[in-house]
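**Student:** Handing you this structure, nothing more for now.
The values are calculated or read from the model by the stated rules, or taken from the named source; none is laboratory data. None of these values were measured; they are calculated from a predicted model. Quick reminder, even Gly has a Cβ in these numbers, built from the backbone with ideal geometry, and neighbours come from all protein chains shown. To get the accessible areas, we keep the full protein, side chains included, count just its heavy atoms, and leave off ligands, DNA and RNA. Shrake-Rupley method; radii C 1.70, N 1.55, O 1.52, S 1.80 Å.
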Amino acid sequence: MILSEAEFHDASTLEQAAEMIARWGKQARFLAGGTSLIVDLKTDRYGAGHVISLNRIAALRGIASVDDRVRIGALATLNEVATSDVIREKCPVVRDAAREMASPQVRNLGTVGGNIVGAVPCADLPPVLAVSNATLNLWSPSGVRNMPIEAFFVGPRETVLRDDEVLTEVLVPHSPARFGAGYARFGLREANSVAVAAVAASLQLKADGSVAQARVCLSAVAGKPTLVPDAHTALAGKVLDKNGLDRAAQAAIAAALPISDLRGSAEYRRELVGTLTRRALLTAQARATGEK
Ligand SMILES: Cc1cc2nc3c(=O)[nH]c(=O)nc-3n(C[C@H](O)[C@H](O)[C@H](O)COP(=O)(O)OP(=O)(O)OC[C@H]3O[C@@H](n4cnc5c(N)ncnc54)[C@H](O)[C@@H]3O)c2cc1C
């Protein structure tokens, strides 16, 4: 399909967006920054005849600390996330991921909502949001559904989002004391290269320094962001040390279901998962203990 065959429409409110999507159904797609969608339309992945821009819907913008959490509007750009004081202070791991993504040009257009809804297995924001205990608000004319981000993904480019739903915002709880999170990612170049493998990790420590809760989430090594419950089992109740790092790394490797492609073999990706898990956990520990 050449792009000129698609009709573009602007929605100014969520209600208008819902009305338009109801009119054209599977023939229509929502547009945020367009950094993924335009490529997909040009390569005819969807064959959509109608593109509905969400960009005039003010309610989808902004990043703010509200009560005990950070609200990130679905239209917040990757660059806004990377440069936000609120994100830097309240959930620095989300900033870490945004700063490593794509290139300045793509970060200026690409949005948080598009990164999540696109459900590409190597997307960078879902794993860091998952270990940060983030939830999503999905709006439709029949109401708002709120769910943990990890429940949103079904498989590659597949989510539980219904056709009439819009992702409106991501909610990230403020970190309690002794909480820290880290992100370790491997790409083939410094910029404009998607992750070959990536691991996000968070630790909630007790007052004595032992682990109360560990969350590890893998990216680019399975069809969807993959939490590793066995990493928590490997670390809970103990102070993180070399043995703990090794046990968590083994649990992460066991949970990975990598493919071989032009960026790396499955075997190489498994090896990366072990190393990246250790790195992400060490950053999480340093943040949880106030070292950085
Ligand atoms: C050169 C290049 C490099 C890239 N590098 C990276 C990278 O390093 N890491 C990475 O994770 N990604 C990368 N990407 C992918 C992409 O840029 C990001 O995923 C970006 O965040 C997508 O956001 P967008 O606003 O452009 O989405 P769009 O292209 O506008 O939309 C993507 C999908 O989400 C849907 N959608 C968007 N917003 C909503 C909403 N609020 N509600 C419901 N549906 C919605 C659209 O209908 C579409 O199906 C790269 C892309 C390019 C072109």
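**Student:** Skipping prolines and chain starts, which residues have an amide H placed within reach, meaning under 5 Å, of the one on Gln213, given they are 5 or more residues away or on another chain?
**Tutor:** Residues meeting the amide H criterion: Gln204.
**Student:** In whole Hz, with x marking every Gly and Pro, tabulate ³J(HN,Hα) for the range 97-111 from phi via Karplus 6.51 cos²θ - 1.76 cosθ + 1.60, θ = phi - 60°.
**Tutor:** Values per residue, Gly and Pro as x: 5, 4, 5, 8, 7, 6, 9, x, 4, 5, 5, 6, 9, x, 10 Hz.
**Student:** Further, regarding this structure: Measure out, as a whole number of angstrom, how far apart the alpha-carbon centroids of the range 218-292 and the range 105-160 sit.
**Tutor:** Cα centroid to Cα centroid, the span is 21 Å.
**Student:** In addition: If Lys and Arg each add +1 and Asp and Glu each add -1, what is the summed charge of the other residues whose beta carbon sits under 12 Å from the beta carbon of Asp164?
**Tutor:** 0
**Student:** Rounded to whole Hz and in sequence order, give me ³J(HN,Hα) for the range 42-47 from the Karplus expression 6.51 cos²θ - 1.76 cosθ + 1.60, θ = phi - 60°, writing x for Gly and Pro.
**Tutor:** 5, 8, 6, 5, 10, x
**Student:** What list of ³J(HN,Hα) couplings, whole Hz, do you get for the range 34-40 from phi and the Karplus terms 6.51, -1.76, 1.60, once you set θ to phi - 60° and write x for glycine and proline?
**Tutor:** Karplus-based 3J(HN,Hα) across the range 34-40 equals x, 5, 9, 4, 5, 4, 5 Hz.
**Student:** Can you order the peptides 132-138, 120-126 by their average number of other Cβ atoms within 10 Å per residue, highest first?
**Tutor:** The densest-packed peptide leads the list: 120-126, 132-138.
**Student:** Can you tell me the order of 183-196, 146-159 when each peptide is scored by its average per-residue count of other Cβ atoms within 10 angstrom, highest first?
**Tutor:** Per-residue Cβ counts within 10 Å, averaged per peptide and sorted highest first, yield 183-196, 146-159.
**Student:** Taking the chain as the reference, fit the longest principal axis to its C-alpha atoms, fit the long axis of helix 242-255 to the helix C-alpha atoms, and give the angle between the two in degrees, 0 to 90, nearest 10.
**Tutor:** The two axes meet at around 40 degrees.
**Student:** If you don't mind, another one. Using the Cβ atoms and a cut-off under 11 Å, what net charge is assigned to the surroundings of Ala195, where Lys and Arg are +1 and Asp and Glu are -1?
**Tutor:** Here the charged neighbours net out to +1.
**Student:** Send over the semi-axes of the chain's equivalent ellipsoid, whole angstrom and largest first, taken as the square roots of 5 times the C-alpha gyration tensor eigenvalues.
**Tutor:** After diagonalising the Cα gyration tensor, the semi-axes are 33, 21, 16 Å.
**Student:** Let me ask something additional. Under the rule of at least 5 residues apart or a separate chain, name every residue whose amide H is placed under 5 Å from the amide H of Ser132.
**Tutor:** HN-HN under 5 Å from Ser132: empty list.
**Student:** Here is a further query. Against the longest principal axis of the chain, how steep is helix 266-288, in degrees 0 to 90 to the nearest 10, with axes from Cα atoms?
**Tutor:** Helix 266-288 and the main axis of the chain meet at about 70 degrees.
**Student:** Leaving out ligands, DNA and RNA, what percent of the accessible area of the chain is carbon and sulfur, probe 1.4 Å?
**Tutor:** 51 percent
**Student:** Quick one: net charge of Met147's neighbours, Cβ under 13 Å, K/R +1, D/E -1?
**Tutor:** -1
**Student:** Now a separate question. Quick check: the angle from helix 14-24's long axis to the longest principal axis of the chain, C-alpha only, nearest 10 degrees?
**Tutor:** 70 degrees
**Student:** Taking the solvent-accessible surface of protein heavy atoms with a 1.4 Å probe, what is the per residue accessible area of the chain in Å²?
**Tutor:** 45 Å²
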